[in-house]
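Worksheet: one structure, shown below.
The values are calculated or read from the model by the stated rules, or taken from the named source; none is laboratory data. In this text, all values refer to a predicted model and were calculated from it rather than measured experimentally. Cβ atoms come from the backbone with ideal geometry, glycine included; neighbour counts cover every protein chain shown.
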Amino acid sequence: MSDIPIDPEKRTWLIASGCAGVVGGVATAVPFVSSFQPSERAKAAGAAVEVDISALRPGEKLTVEWRGKPVWIVRRTPEQLAELPKLDAQLADPESKRKPAELTPEYARNEARSIKPEIFVGVGICPHLGCSPSERFQPGAQPSLPDDWKGGFLCPCHGSTFDMAGRVYKNKPSPDNLEVPPHMYLSDTRLLIGEEKKA
């Protein structure tokens with residue numbers, strides 16, 4: 001094999017061009033690869049939300065956002081709680097037995113669908129078509145509601161009605177009760193939505 005003389009200047013340019021190509025490739029690849037990582041905003045959107053409920057009075061509702069969904073926190077009155085067991089015969093799933101793992105955590109599979117009876121925590125999205133029901137806490141006859149209404153939520157889109165525990169009434173478009181998100185109490189006045197105590 002014969003020795004072919006290589007121009008030292010050309011060799012320098014080839015090495016420099018190769019190095020520039022590698023640096024350019026890395027510079028292009030880094031943003032591309034990092035685009036697969038969730039953004040800070042995305043991480044925050046999925047993060048648990050801590051809520052101070054100390055100022056929430058009986059009969060009031062507080063709305064917070066978790067994972068882009070409205071989450072309602074309602075402090076029910078003793079009268080509203082007393083009505084819950086009386087409604088079972090009118091409800092489609094009074095004990096939250098349908099899809100319990102998806103919509104109702106184990107600790108909320110009770111009459112009040114809550115950890116503490118007076119505090120209801122629910123996702124404010126109707127399982128029918130994703131509309132947001134409105135509160136109708138005042139009992140009694142009202143437009144689009146029965147004369148013996150005991151208080152709860154009305155989905156204005158297609159008329160689904162839910163009691164004060166987010167349980168859907170029979171023969172309504174919504175196939176399920178309102179979702180109860182994972183949550184836990186950090187103290188008597190601090191609620192954490194998006195995380196739950198591990199067994």
All conditions in (1) under 16 Å from LEU84 (Cβ atoms); (2) part of a loop (DSSP other than H, G, I, E, B); (3) touching a helix residue (DSSP H, G or I) at 6+ places or on another chain (Cβ under 9 Å) are true of VAL121 except (2)
Scanning the stretch 49-104 for residues that are in a helix (DSSP H, G or I) and within 22 Å of the chain's Cα centre (by Cα), the one surrounded by the fewest Cβ atoms within 10 Å (Cβ to Cβ) turns out to be ALA101
_Here is a check on your reading of the model: is GLU118 out of contact with any Gly (no Cβ under 8 Å at 6 or more places or on another chain) and at pLDDT 95 or above?_
yes
